[in-house]
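For reference, the structure discussed in these notes is given below.
None of the figures in this text is laboratory data; all of them are computed from the coordinates on show. If you're wondering where the values come from, they're calculated on a predicted model, not measured in any experiment.
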Amino acid sequence: MLRLPIYEGKKVVKEYTAEEYNVKFGTAEDIIALLDTEKIVKGTREEMVSGVARTIPKLTDTIKHLIKDIFPGITDEEIRSCDLADIAVVIVDVFETTIIKIMEGSGSGKK
């Protein structure tokens, strides 16, 4: 379950959720090009989140597109009200799920 809280100050005022997300190739390509994937894959979960959080400023447009695709209806203003760490957690979750699917060979079966 992917979760993204929206804050007003320190208070959560709304939360978006998504059961699952399938990364589109172009989005994955953009993210992988800017991430140090070796560190992310071999690091602890905390190291992964930290590494992604450091990369987010380089990926602002791609991240916004990804977040809007994962959580339909979320606005640019709501994204601006998200905690950077929460966005990093969502990206790591999507990244991990995508890697697992690739390694298991359990794609959508579409050709």
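Here are some pairs, LYS10/LYS64; LYS11/LYS68; LYS10/LYS68; LYS11/LYS58; LYS14/LYS64; LYS14/LYS101; which of them have Cα atoms lying more than 24 Å apart in this structure?
Too far apart for the 24 Å limit: LYS11/LYS58; LYS14/LYS101.
Remark: the LEU84-LYS101 segment gains 3.5 nm on full extension, using 0.36 nm per residue and subtracting the alpha carbon distance.
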